[in-house]
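Here is the structure we will look at, set down as structure tokens.
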Amino acid sequence: MSELRKNIISRQWVIIATERARRPHQFTREKKVRKELPRYVPNCPFCPGNEAQTPPERFRLSVAGNWRVRVVPNKFPALTEEDKLVSTNIGNKRTISGVGIHEIIIETPDHNGTLALMNNAEVERVIEAYLYRYHCTLADSRVEYVTLFKNHGAAAGTSIEHPHSQIIATPIIPGEIRERLESALQFYDERGQCIFCVTLREEQEEHTRIVDENEQFVAFIPFAALSPFHLWIFPKRHCAAFGSINDAERIALASIMRRVLRKLYDGLGDPDYNFVIRTGPKDQRLRHYHWYVTIVPRVTQTAGFELGSGMSINMALPEESAQFLRGVVVN
């Protein structure tokens, strides 16, 4: 029968609908469904030779004189950098001026590239760009929180095919992050331990939901995964902020992210997905918080129940999904 599981980090209840469950291979799509892309598209603003079509770049990593990663301001930003930070309160209505930073990380010069098929060195450069711009945006006194994310495929919300990630720095800490911070603080106050470290230790002991692991990171499907193949990548070292990782962790993160994305690519037929780096706010010395990566393949759709209840229905047993991905052999 179905069961309800509680995600102790997000405090969300999830219905694991075993009566409606599908076997892991039933979520696989044919790779040919995604149209074949050329390596270069003449009118793509992110392809080499079209650099003038983007706002002036803020960072680049080059090899043999040719760029491999570029960071540029978003031409159509959600938030603007020029305005002053102004907050107003009228009755029970509060507004803050739309100040912030919105940038694009162009991950590769190849229009048909994808993180799953890159080599470790290429993904390391992407992570290096993330880190550099993370620190730069946090240096702005108006910024309270930085979100790094990637949309891969139409179902994940991408609008430009050329491989890219985004960074948005906001003048507030988003509500979902606040909830996780509060949940983690409550756990720490009650038990004197980091809820993320405890979760990681339990996953390593049980091992049934682990997908991949290296010296620095563990990738696993949460006990109460919100959707099929919903993944977390946790650093083994307690660290509240993504920006505090060292060189060894940067290299290891690139490796495990590439491997996990390749497992999804081969095992599920290159599904659309989102990934987000969930980091702590500006104070990087929090004992109760632990940064991590979440990857959400878009292999199902949310509907009215999820919207009306705030609960999720997962039609895949996390233990079976993890076993399936462990069995996908990648280099």
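Taken together, the values in this text are just the output of simple stated rules run on the coordinates, not laboratory data. On a predicted model such as this, the values are computed, not experimentally measured, just so you know. Quick reminder, even Gly has a Cβ in these numbers, built from the backbone with ideal geometry, and neighbours come from all protein chains shown.
Quick notes on this structure:
- Taking each residue as 0.36 nm, the span from residue 121 to residue 43 lengthens on full extension beyond its C-alpha to C-alpha distance by 25.3 nm.
- FRET efficiency estimate (nearest 0.05) - Cβ-Cβ, residue 246 to residue 276, R0 30 angstrom: 0.85
- Extension gain from residue 176 to residue 51, taking 0.36 nm per residue of separation minus the Cα-Cα distance: 41.4 nm
- Legend: distances between Cα atoms for 150/282; 84/150; 150/263; 93/150; 75/282; pairs beyond 24 Å are 84/150; 93/150; 75/282.
- Among 232, 67, the order by Cβ neighbours within 10 angstrom, fewest to most, reads 67, 232.
- Here the stretch 253-282 and the stretch 188-219 have alpha carbon centers that stand 18 Å from each other.
- At q = 0.07, 0.08, 0.11 Å⁻¹ the log10 of I(q)/I(0) for the stretch 3-326 amounts to -0.29, -0.38, -0.74, computed by Debye summation with a single uniform scatterer per C-alpha, solvent ignored.
- Amide N proximity, the stretch 207-251 versus residue 59 label position 7 Å along Cα-to-Cβ, cut-off under 18 Å: 241-251
- Note: the stretch 69-133, Cα convex hull, 132 Å³ per residue.
- 15 Å cut-off, amide nitrogen to a point 7 angstrom out along residue 84 Cα→Cβ, residues in the stretch 132-158: 142
- Here is the short version for the chain: 136, 239 have no other Cys C-beta closer than 4.7 Å.
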